[in-house]
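The values are calculated or read from the model by the stated rules, or taken from the named source; none is laboratory data. For clarity, every value in this text was computed on a predicted model and none was experimentally measured. As a convention, Cβ positions derive from the backbone with ideal geometry for all residues, glycine included, and neighbour counts pool all protein chains shown. Quick note on the areas: whole protein, heavy atoms, side chains included, nothing else; ligands and nucleic acids left out. Shrake-Rupley method; radii C 1.70, N 1.55, O 1.52, S 1.80 Å.
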Amino acid sequence: MKTATAEDEGLPIVFLDIDDVLCLNNPYGGSDALEAVKGRHADPDTVLREIFAAEPKRVLESVHKEMGGQLRYVISSSWRQVFSREQIERVFRTADVGFVAVGLHEKWETPSRLRRTDRIEEIESWLHHYHQGEPFVVLDDDYSGTSLTGIDEDLKHPLAARVVLCPVGVGLTVEHLPIILDALRRPLAENSDERDNLSESGRPGRNVWCR
């Protein structure tokens, strides 16, 4: 595995999807945000200020505060395929979620390749290449994160009890907070099945723009 920077090493990681986690596509969605950051929207600042729903933003902010701001974020959303890191940072800063921009991991996105893959494969691939044993949580939705469904049924799975799937059109809610915080505070046990399975996982691939 690649050695993390001193800045990233040891801090819990949030794998963050965007659509139906923070952005509910009402009134604006990913295509609006892309037009805004590329200077092709008539009112880009309004789009970016309103791109994320109020409650999901509050929930993510609560997570960040509860963890003392000591988190690193990795974007697993398909937005990563059309936004540069700088553009993603602008979106989060203008949307008043600037702590995500500040906390982006050095390896800030799950991998993209030439073939379509499932979200679980992309996250496992990132973990295989860059994970240093930090606690982590996966925030996704039950549309783009279909491949993550049912993981908790296998307690030996490396992602068990570390995945939150938001309902489409709802996003993060306060009910998700205990699960998220538990995952971020729970270390991977030394020599556990969880850690061993993570070291063996990782199937790089690409997710198309699928919300």
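Only residues that are in contact (Cβ under 8 Å) with a residue 12 or more places away in the chain, in contact with a helix residue (DSSP H, G or I) (Cβ under 9 Å, 6 or more places away or on another chain) and hydrophobic (A, V, I, L, M, F, W, C): list them for the range 91-117, please.
Of everything in the range 91-117, those that are in contact (Cβ under 8 Å) with a residue 12 or more places away in the chain, in contact with a helix residue (DSSP H, G or I) (Cβ under 9 Å, 6 or more places away or on another chain) and hydrophobic (A, V, I, L, M, F, W, C) turn out to be Val91, Ala95, Val97, Phe99, Val100, Ala101, Leu104, Trp108.
So which of Ile88, Ile120 is closer than 15 Å to Cys23 by Cα and without any contact (Cβ under 8 Å) to a residue 40 or more places away in the chain?
None of the others qualify; the one that does is Ile88.
Which of the residues that make up the range 160-176 are touching an Asp or Glu at 6+ places or on another chain (Cβ under 8 Å) and on the phi < 0 side of the Ramachandran plot?
Once the filter is applied, which keeps residues that are touching an Asp or Glu at 6+ places or on another chain (Cβ under 8 Å) and on the phi < 0 side of the Ramachandran plot, the range 160-176 yields Ala160, Val163, Val164, Leu165, Cys166, Pro167, Val168, Val170, Leu172, Thr173, Val174.
For the range 172-193, indicate whether the set of residues that are modelled with pLDDT under 95, open to solvent by 50 Å² or more (accessible area, probe 1.4 Å), small (Gly, Ala, Ser) and over 14 Å from the mean Cα position of the chain (by Cα) is non-empty.
Taking every residue of the range 172-193 in turn, at least one turns out to be modelled with pLDDT under 95, open to solvent by 50 Å² or more (accessible area, probe 1.4 Å), small (Gly, Ala, Ser) and over 14 Å from the mean Cα position of the chain (by Cα).
Show the residue pairs meeting these rules: Cβ distance below 9 Å; 6+ apart or different chains; first residue within the range 139-163 and in contact (Cβ under 8 Å) with a residue 24 or more places away in the chain; second residue among the hydroxyl-bearing types (Ser, Thr, Tyr) and surrounded by 22 or more Cβ atoms within 10 Å (Cβ to Cβ).
Leu139/Ser76; Asp140/Ser76; Asp140/Ser77; Ser144/Ser76; Ser144/Ser77; Ser144/Ser78; Gly145/Ser76
How many residues does the range 47-92 hold that are at pLDDT below 95 and surrounded by fewer than 18 Cβ atoms within 10 Å (Cβ to Cβ)?
So the count comes out to 2.
Which residues, taken from the range 126-166, are open to solvent by less than 10 Å² (accessible area, probe 1.4 Å), more than 11 Å from Phe15 (Cβ to Cβ) and among the acidic types (Asp, Glu)?
Listed by number, the residues that qualify are Glu134, Asp141.
Mind checking whether some residue in the range 90-100 is of a type in the set (Asp, Glu) and in contact with a strand residue (DSSP E or B) (Cβ under 8 Å, 6 or more places away or on another chain)?
So far as the range 90-100 goes, no, none of its residues is of a type in the set (Asp, Glu) and in contact with a strand residue (DSSP E or B) (Cβ under 8 Å, 6 or more places away or on another chain).
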